[in-house]
Amino acid sequence: MPIRRYASLAALGLAAFAVVLLLGRLPSAERQLNDRLSIVSVFEPESAGWLTDDRLVDAMAAIPLANRPLKVVWNHGILAVDLRNDKPDVLQRDLALLIGYAYADVRNVKQVLIRVFETRGERKTLLLAAETRKTDWTDDNLEKLSLWTEDLATAPPERWPNVRWTITSEGRRRLENFANS
């Protein structure tokens, strides 16, 4: 009787050892099965029409801005751009390019915030801020935006449709000096 007991314990131990070995091979067997049954994806999701953190630098580099961006932030559908007022004569064209890109070229921008600064050394002075939302723009207005670019280059900001402006006193002086020159 004791031999039979030891034999059954030995058989149980061998069975447990075999189960452990088989369970260890299970991941590689599953990987092989998945490789054999895998389906090749024919279509990949289109990411070109979406602005993401990964694409932010490339997207901004693709926009031919004459005024240098100081800071660009992408956060939950809000594109915030700080521009340095290098070339005031084409500043409004740059604003139109940013708005056109945000609402016509990509689909996930809900709001655009643009601030324009004058820099002297380390000192930055805020001249103006512009805010607009996707819901402010119709498809027709977005199509006309490229035509407006030339007209709006010299127009006062108040004539711009669908944009809420905040112009500082320093910014107003700069705009008046630019208009008089």
Task: In the range 31-48, residue modelled with the highest pLDDT [restricted to those that are of a type outside the set (Lys, Arg) and part of a helix (DSSP H, G or I)] - done: GLN32
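Please enumerate the residues belonging to the range 116-125 that are buried (at least 16 other Cβ atoms within 10 Å of the Cβ) and not aromatic (Phe, Trp, Tyr).
Taking the range 116-125 first, the residues buried (at least 16 other Cβ atoms within 10 Å of the Cβ) are 116-118.
Within the range 116-125, VAL116, GLU118 meet the criteria.
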- [ ] Considering only the range 63-110, state which residues are of a type in the set (Lys, Arg) and free of Cβ contacts under 8 Å to residues at least 60 places away in the same chain.
- [x] ARG68, LYS71, ARG84, LYS87, ARG107, LYS110
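Answer yes or no as to whether SER28 is surrounded by 10 or more Cβ atoms within 10 Å (Cβ to Cβ), outside any loop (DSSP other than H, G, I, E, B), of a type in the set (S, T, N, Q) and modelled with pLDDT of 75 or more. Explain how you work it out, then say what you get.
Numbers: surrounded by 10 or more Cβ atoms within 10 Å (Cβ to Cβ): no; outside any loop (DSSP other than H, G, I, E, B): yes; of a type in the set (S, T, N, Q): yes; modelled with pLDDT of 75 or more: yes.
Against the criterion (surrounded by 10 or more Cβ atoms within 10 Å (Cβ to Cβ), outside any loop (DSSP other than H, G, I, E, B), of a type in the set (S, T, N, Q) and modelled with pLDDT of 75 or more), SER28 does not qualify.
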Task: Test for LEU113: is it closer than 21 Å to GLY171 by Cβ, modelled with pLDDT under 95 and either surrounded by 15 or more Cβ atoms within 10 Å (Cβ to Cβ) or in contact with a strand residue (DSSP E or B) (Cβ under 6 Å, 6 or more places away or on another chain) (or both) - done: no
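The values are calculated or read from the model by the stated rules, or taken from the named source; none is laboratory data. Keep in mind it's a predicted model, so treat the numbers as computed, not measured. When we count neighbours, we look across all protein chains shown, and the Cβ atoms used for this are built from the backbone with ideal geometry, even at glycine.
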